[in-house]
Structure formats: structure tokens, C-alpha cells
1. For a 18 Å ceiling on Cα separation, which of these pairs sit above it: 13/104; 13/181; 72/148?
2. Determine the per residue accessible area of the chain with all protein chains present and a 1.4 angstrom probe, expressed in square angstrom.
3. Can you tell which of 146, 109, 14 lies farthest toward the positive end of the dipole of the chain, using +1 and -1 charges on the Cβ of basic and acidic side chains (Lys, Arg; Asp, Glu)?
4. Summarise the accessible area of the range 124-185 (1.4 Å probe, protein heavy atoms) by the percent that is carbon and sulfur.
5. I need the P(r) histogram for the range 135-186: all alpha carbon pairs, bin width 5 Å from 0 out to the longest distance, whole percents.
6. Using a/c under 1.5 as the rounded threshold, could you call the range 62-171 rounded, prolate or oblate? The axes a ≥ b ≥ c are square roots of the C-alpha gyration tensor eigenvalues, and prolate needs a/b larger than b/c, oblate otherwise.
7. Starting from the Cα gyration tensor of the range 91-153, take the square roots of the eigenvalues, sort them a ≥ b ≥ c, and report rounded, prolate or oblate (rounded when a/c is under 1.5, otherwise prolate if a/b is larger than b/c, else oblate).
8. Mean residue ellipticity at 222 nm from the helices of the chain, using -39,500 (n - 2.57) per DSSP H segment of n ≥ 4 over the full residue count, to the nearest 500 deg cm²/dmol?
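The values are calculated or read from the model by the stated rules, or taken from the named source; none is laboratory data. Small disclaimer: the values here were computed from a predicted structure and weren't measured. Cβ: placed from backbone, ideal geometry, glycine included. Neighbour counts: every protein chain shown. Areas reflect the complete protein model, heavy atoms only, side chains present, ligands, DNA and RNA absent. Shrake-Rupley method; radii C 1.70, N 1.55, O 1.52, S 1.80 Å.
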Amino acid sequence: MDNTFATISAIIKNRRSIKPVMMNGKKIPDYQVRSLLELADWAPTHGLTEPWRFVVYANPADFCHEHARLYKEHTPAENFIEASYNNFYAQGDKASHAIIAIMKRGDLPKIPVKEEVEAVACSIQNILLGATALNIASFWSTGGAITKPAMKEFLNLGEHDQVAGVIYLGYADEHPAGSRKVPMEEKVKWL
Ligand SMILES: Cc1cc2nc3c(=O)[nH]c(=O)nc-3n(C[C@H](O)[C@H](O)[C@H](O)COP(=O)(O)O)c2cc1C
């Protein structure tokens, strides 16, 4: 038990967001990505609605080019940033896989949308932690057009579904240090 706790603690604390630009282009075998998705399926889910859905791009540049196009087409000129466009376009170049994580709204009205979103966040965290255990770098992104209506349309989502983000997976040669700004004492009230 102690060993198990030590292992999972190390994985949780070592998980870092590693931007796709830091990845080195090496490919993850598809079977490992499948085993990460299997972990996602074991997230907690109120009412067993299992609201997580995933679209996997084994060639992430395909997704990134579409994302950049959507960002350009749907961003008002005064907000459009050319450097961001270029960044979105190139984001898949050194990543191995991109996984679009979706909240599919179920038909159990007693489960609030918030809880469906939370379940999907848990499923994503399962992927990130599993990736860390496999020395796979990961990055959860919601930038650009990812959470915009145009992306929902591109993915053929239902009206009440949501895009939770894109998870980029790959390998990186460096592992950034983590940081937290707010001390634990301010986050926990123990009575
Ligand atoms: C819902 C969600 C969305 C995020 N979207 C972005 C993003 O669009 N761009 C970004 O740079 N980081 C994004 N991040 C990652 C955070 O920047 C990152 O978690 C934070 O810097 C803490 O670093 P750590 O993950 O290494 O602990 C996102 C994180 C979460 C939970």
C-alpha cells in the first residue's frame, strides 16, 4: 500500500504541462494511446452518464491546420493575432497525437451540466497521469477556437455538448519544474 501511494504521489506531482513546441516529434505507439483512453473511461461519473468522448488524431498536424483555419475564419479582425495563428498551425508538428476531449450531454436531466463537465475533467486527468507514468509529455489546451461554436460545428457536436480541450501527447527531452503560488494553508481549512 505504501509503495502504491508513493508511486501515485510521484506521478501526480511530476505531471507537468509540456507545450507541443517542446515535444521532439517521436511517435507514441497507438496501443499506448489506447491504454490511456482506457484509463479515461474509469473517471467518476454521477449517474453513470459517462459523458467523455474522444476524437483521436494520430496525425495531429491535420487537426492543428483545421484549428488554425477556424481561428482565422471566426476571430474578428481586431482580435486576430498572426503569431497565435502560426502557433496553432504548427502545434501538431512535434506532437505525436492530439486528442479532442468532449463532454457529451446525456439525457439524465437530474445530472447538472457542471457535473458532466467535471467528470470529463477527471477523465482527462486520468489520461495526463497515465501519460506521466509512461514518460509521455502532455498538454491540455483550450486556446484559440477550441472551445468556440465553430469547433463544435466542425466536430458535429450536439447543441448541449462541449469541447473540454485538446490534449497533445508526445515525447519531450526536457521536463519543466512545477510551481504553485498559493500556499496549501490558504487552500485548506481543517476544522
Ligand atoms: C482546463 C484547462 C485548460 C488549459 N488550457 C491551456 C491553454 O489553452 N494554454 C496553456 O498554455 N495552458 C493551458 N492549460 C495548462 C495550464 O497552463 C497548466 O496546467 C498550469 O500552467 C499549471 O502547470 P502544470 O500543469 O504543469 O502543473 C490548461 C489547463 C486546464 C486545467
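1. 13/104
2. Numbers: 11560 Å² over 191 residues.
So the chain comes to 61 Å² accessible per residue, rounded to a whole number.
3. Result: 14.
4. Carbon with sulfur: 50 percent of the solvent-accessible area.
5. That works out to 4, 15, 17, 14, 13, 15, 12, 8, 2, in percent per bin.
6. oblate
7. Working: a/c = 3.17, a/b = 1.41, b/c = 2.24.
Oblate.
8. On the way: 7 runs with 79 residues, N = 191.
Result for the chain, helices only: -12500 deg cm²/dmol.
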